[in-house]
Amino acid sequence: MASSRTDQFRRKAVDWITTSQLYRSVFRHGYADTVRNRALEVTSNAFLHLHPITIPAHALKVRFTFCLGGLTFFLFLVETVTGVLLMFYYRPVPEYAYADMKTLQYAVYFGMILRNLHRWGAHLMVVLVMLHMLRVFLTGSYRPPREFNWVLGVNLLVLTLLLSFTGYLLPWDQLAFWAVTVGTNMAAATPFLGAEGPFHGLLGVNGMNDARFLLLGDVRVAGSALLRFYVLHCVALPLVAGVLMVVHFWRVRKDGGISRPL
Amino acid sequence: MKEAGETNTTTERSLAQEIGTMPTGRPGDVAVFPYLVYSEFLAALLCSIVLMVWSLTVAAPLLEQANPGITENPAKAPWYFVGLQELLVYFDPWIAGVMMPTLIIVGLMAIPYLDTSTNAVGRYTIRERRLVISHFGLGFALWWVLIAIGQFLRGPNWHIYWPWQDWSMVKNPEGAMWDFPVWVGLPLLIAYFVGGFVIPQKRWPWLLERLGTARYVGSITLALLFYGVPIKMLLRLLFNVKYVLVTSWFNI
């Protein structure tokens, strides 16, 4: 008896909330568990409408996709949130960068965990994006009609690596400095366009105008390289990656939906 | 009176039957909300827990402040580029650091335009695609093996140090290496590429027929360039060969 009274009260409360103007202005669908509402929950939600309304039952199997693509995107969001928070404490100039890392570690509440989340999240993202590529390959999901989405995916893989690499310099410690020195030295070896590459003389390329100078804004890793990497890391590359992700996800739908036999 | 669970089951079943009437529904489909959305939520939750525990237990590294005057030895690239850095042992920087990454990216993007079969799409088809998967798998494996060697086995001056060896131990510099003279190297390279195109065509004539000329040339070029990497590595490791071809502009 008591339970049915609670039940009645609960139903009344739910009714009162879900028929209010406020609730209906936010959620453009009814509350009752009906087929129509299940469809509307997806199509009337800005975030969920990326999805179709229904999917083949086998696509739900975790062992088919291992959620690798979705988790890569999730980690991109984690990196964005933690990255924005880190930006409050970090100044991309050699005079302050390393000191700001120390401040973050010893003086900022939860500063260390914030940095750890950002760094390990980045590593995890690189691993997941490579495994996602392997999964797509093993299921033959690059084959027509999905070939262009595979190309977009390869571009996103490269962007993930570049995002991670540009972030690597920002702590401005010995690990960062020498890793980026080793990495950017490769640009100097570019044929034709690198000061130490084969045939560089043909175009009059030297240390002051070659591919490495373009990356570093200098002949060595120093202040301008730190600023360039910072801007690329926090603004330019995430914007490009964001645009490509929009197209990548949209094409999943347009090219036949989530991977399945066509 | 029905139990709560029973009611749910009945509702669930009738809802499932009605899915077919949804705009995109096909027989056997399930509703994205709640099923897919819930799994996605759980996957994200699990990922967050793993990342949080990792971040609570392991601190991100922070060495001394950057100092251009003190060179780190070894100076390693971030782990995902260490495989390419490891290739610097076997190739000049313009190959290992520029051509290889470019070819890997271009090669990956070319895959769906070379392998255009529409069979075996959208499921794990390892047995039906042995040829394609074995080449790709080999490349994928080599990528990770090189990363593992560079990351875990390379110490000061890029010498091999086993995990139980102390980095303070001095290692002997490598033995003398030699180059192929041009009159050996050039014909060998030409033979490798010409043979690489001709032999598969003679042995498996259906390959050219099925792929067409452009796709055959593209596939074989990428394959020859890729297999050149382990071949050059073996030449170096087994016979101390530094360069296969020496010219006054570049060495391979």
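Pairs over the 30 Å Cα-Cα cut-off, from the set A:Lys102/B:Lys76; B:Lys76/B:Lys171; A:Lys61/B:Lys76; B:Lys171/B:Lys232: A:Lys61/B:Lys76.
The eigenvalues of the Cα gyration tensor, multiplied by 5 and square-rooted, give the stretch A:1-148 an equivalent ellipsoid with semi-axes of 40, 29, 15 Å from largest to smallest.
Inter-label distance, A:Arg91 to A:Arg36: 6.1 nm, where each label sits 7 Å from its Cα along the C-beta direction.
Sorting the Cα pairs of the stretch B:74-157 by distance into bins of 5 Å, from 0 upward, gives 3, 13, 19, 21, 14, 12, 10, 6, 2, 1 percent per bin. Counting only Cβ charges, +1 for Lys and Arg and -1 for Asp and Glu, the dipole size of chain A around its Cα centre is about 1240 debye. Eigen-decomposition of the gyration tensor built on the alpha-carbon atoms of the stretch A:58-254 gives equivalent ellipsoid semi-axes of 32, 26, 12 angstrom, largest listed first. Could you let me know the centre-to-centre spacing of the stretch A:32-89 and the stretch B:93-144, using Cα atoms, in angstrom? Using only Cα atoms to place each centre, the spacing works out to 28 Å. Helix B:4-18 and the long axis of chain B differ in direction by around 70°, with both axes built from C-alpha atoms.
For chain B, the longest principal axis of the Cα atoms and the long axis of helix B:213-239 meet at an angle of about 60 degrees.
Think of the stretch A:1-54 as a dipole: +1 on every Lys or Arg Cβ, -1 on every Asp or Glu Cβ, centred on the Cα centre; then among A:Ile53, A:Ser20, A:Val35, A:Ser20 lies furthest on the positive end.
Taking one quarter of the surface of the C-alpha convex hull of the protein assembly as shown gives a mean projected area of 32.5 nm².
Cβ crowding within 10 Å, taken as a proxy for footprinting-reagent exposure, orders A:Glu95, B:Glu40, A:Glu79 from fewest neighbours to most as A:Glu95, B:Glu40, A:Glu79. With the charge dipole of the stretch A:209-262 set up from +1 on Lys and Arg Cβ and -1 on Asp and Glu Cβ about the Cα centre, the Cα lying farthest toward the positive end among the listed residues A:His233, A:Leu215, A:Ser259 is that of A:Ser259. Counting pairs of alpha carbon atoms under 8 Å apart in space and at least six apart in sequence, what relative contact order in percent does the stretch B:64-164 give? Dividing the mean separation by the residue count of the stretch B:64-164 yields 44 percent. Taking 14 Å as the cut-off, the amide N atoms of the stretch A:145-187 that come nearer than this to a point 7 Å along the Cα-to-beta-carbon line of B:Thr116 belong to A:145-148.
Annotation: aspartates and glutamates with alpha-carbon distance below 20 angstrom to B:Lys242 (same-chain offsets under eight excluded): A:Glu196, B:Glu86, B:Asp92, B:Glu174, B:Asp179. In order along the stretch B:73-81, the Karplus-derived 3J(HN,Hα) couplings, from 6.51 cos²θ - 1.76 cosθ + 1.60 at θ = phi - 60°, round to 10, x, 9, 9, 5, x, 3, 6, 9 Hz, and Gly and Pro are given as x. If R0 equals 41 Å, the separation of the Cβ atoms of A:Tyr109 and A:Leu227 corresponds to a calculated FRET efficiency of about 0.90.
Counting Cβ atoms of other protein chains within 10 Å of each Cβ in B:36-45 and taking the mean gives 5.
For the stretch B:174-252, the convex hull spanned by the alpha carbon atoms encloses 106 Å³ per residue. Taking the longest Cα principal axis of chain A as reference, the axis of helix A:174-188 is set at about 70 degrees. The distance separating the Cα centre of the stretch B:203-252 from that of the stretch A:195-210 comes to 28 Å.
From the largest down, the stretch A:36-103 spans 58, 29, 15 angstrom on the principal axes of its Cα atoms. In the protein assembly as shown, a dipole from Cβ-located charges (positive for Lys and Arg, negative for Asp and Glu) runs towards its positive end, and of B:Phe250, B:Cys47, B:Gly175 it is B:Cys47 whose Cα lies farthest in that direction. Between the exposed loop cleavage positions of chain A, defined as chymotrypsin sites (Phe, Trp or Tyr not before Pro) in a non-H, G, I, E, B DSSP state with at most 11 neighbouring beta-carbon atoms within 10 angstrom, the longest gap is A:111-262.
According to the Cα-based calculation, Rg over Rh for chain B is 1.12, with Rh computed by the Kirkwood formula. Under the convention that each Lys and Arg Cβ holds +1 and each Asp and Glu Cβ holds -1, the size of the dipole of the stretch A:1-54 around its Cα centre is about 140 debye.
Each pair of Cα atoms in the stretch B:133-230 enters the Kirkwood radius, and Stokes-Einstein at 4 °C and 1.567 mPa s then converts it into a translational diffusion coefficient of 76 µm²/s.
Rounded to the nearest 20 debye, the dipole size of chain B about its Cα centre is 920 debye, using +1 on the Cβ of Lys and Arg and -1 on the Cβ of Asp and Glu.
Quick note: the coordinates plus some simple rules give every number you see, no bench work behind them. Given the structure is predicted, the values throughout are model-derived calculations rather than measurements. Cβ coordinates were reconstructed from backbone atoms using ideal geometry, including for glycine residues, and neighbour counts include every protein chain displayed.
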